[in-house]
Amino acid sequence: DLAWSEGSIFTTEGIELFGLLRYNDKSGLLSYENGNRSSTYTARGVVAFEFFDERSKKQRVFYSFPFEDNQGIKRPLFFEVLMEFKNFAVLSKVDPIDIAHKSVGTPGAFNPATSTITYGDYYGTSIEISQTESIYLMDSETNIKPYVRIVETDIDGVFYDRKKTKNKILDDDLLEEFVGQEMNEKLVLYAKQQDLSFKVKNDLMKIFQYCRENL
């Protein structure tokens with residue numbers, strides 16, 4: 001279950017609310033409670049919100065920015081601020097979960113002698129639950145550019161369950177664009193020395209922390 005945390009919301013109507021918050025990144029919905037008052041918000045009705053996450057033991061800050069979604073529609077979406085620099089910020093956005101049902105079986109075969117198709121065996125249906133997190137870099141004019149995409153999939157298989165993660169750098173030149181060539185070279189060297197990957201979120205945050213300490 002999602003935990004409730006003390007926090008605050010600043011709405012698009014210019015109202016600041018204090019109370020208990022619960023953010024569901026799977027649906028993009030923000031729930032609020034204070035005494036008898038309760039409400040649910042989407043990114044369209046919120047400028048920003050923050051709360052203290054007991055699990056990670058840190059303050060988490062989110063902003064609503066207009067962004068083009070997977071359907072090509074530009075609308076407000078929630079982004080979490082992972083780290084701030086003088087001229088840019090590192091953001092994260094988690095997409096709603098995607099559920100796919102896939103049939104599992106052996107493929108059919110064509111018999112040229114009889115011109116018939118022999119159908120394969122059907123074993124059942126596996127369920128794949130995927131969630132995508134993307135890391136972005138945002139400049140001082142709030143232009144948001146995608147940098148890394150992380151797709152985690154839980155597979156409820158017919159024979160066995162498993163997990164898989166697919167990480168991909170979306171723009172190899174983006175980091176240098178924000179930090180400059182000299183610092184980018186330092187970050188590449190630091191990552192190599194520390195055995196860190198730019199495609200793994202925790203590693204990437206260590207690299208950005210090094211960047212902030214040395215810019």
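The values are calculated or read from the model by the stated rules, or taken from the named source; none is laboratory data. Fair warning: this is a prediction, and the values are worked out from it, not measured in the lab. Counting neighbours? That spans all protein chains shown, and the Cβs are built from the backbone with ideal geometry, glycine included. Remember, those area values only see protein heavy atoms, side chains included, never the ligands or the DNA or RNA. Shrake-Rupley method; radii C 1.70, N 1.55, O 1.52, S 1.80 Å.
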Give the number of residues within region 168-215 that are basic (K, R) and either at pLDDT 95 or above or touching an Asp or Glu at 6+ places or on another chain (Cβ under 8 Å) (or both).
4
Kindly indicate whether any position in region 117-129 is open to solvent by 80 Å² or more (accessible area, probe 1.4 Å) and at pLDDT 85 or above.
no
Can you tell me how many residues in region 40-76 are farther than 25 Å from D203 by Cβ, of a type in the set (A, V, I, L, M) and either in contact (Cβ under 8 Å) with a residue 40 or more places away in the chain or surrounded by 12 or more Cβ atoms within 10 Å (Cβ to Cβ) (or both)?
4
Selection over region 22-39 where residues are in a strand (DSSP E or B) and charged (D, E, K, R) yields a count of 3
Hits in region 168-199 (condition: open to solvent by 60 Å² or more (accessible area, probe 1.4 Å) and within 18 Å of the chain's Cα centre (by Cα))
K168, L170, K199
Restricting to region 138-153, and then to whatever is surrounded by fewer than 16 Cβ atoms within 10 Å (Cβ to Cβ) and free of Cβ contacts under 8 Å to residues at least 60 places away in the same chain, can you tell me which residue is farthest from F79 (Cα to Cα)?
E152
Quick one: what pairs do we get from region 14-31, first residue in contact (Cβ under 8 Å) with a residue 40 or more places away in the chain and closer than 17 Å to S92 by Cβ, second of a type outside the set (F, W, Y) and part of a loop (DSSP other than H, G, I, E, B), C-beta under 7 Å, 6+ apart or different chains?
K26/P96; K26/I97; S27/P96; G28/T42; G28/P96
For region 9-16, indicate whether the set of residues that are open to solvent by less than 80 Å² (accessible area, probe 1.4 Å) and of a type in the set (D, E) is non-empty.
no
List pairs: first in region 197-215 and within 14 Å of E176 (Cα to Cα), second assigned to a loop (DSSP other than H, G, I, E, B) and not polar (S, T, N, Q), Cβ under 6 Å, 6+ apart or cross-chain?
I207/L196
Could we say that L82 is open to solvent by less than 70 Å² (accessible area, probe 1.4 Å), in contact with a Phe, Trp or Tyr (Cβ under 6 Å, 6 or more places away or on another chain) and either within 30 Å of L215 (Cβ to Cβ) or not hydroxyl-bearing (S, T, Y) (or both) here?
no
Taking the conditions exactly as written (open to solvent by less than 50 Å² (accessible area, probe 1.4 Å), within 15 Å of the chain's Cα centre (by Cα) and modelled with pLDDT under 80), does D95 satisfy them or not?
no
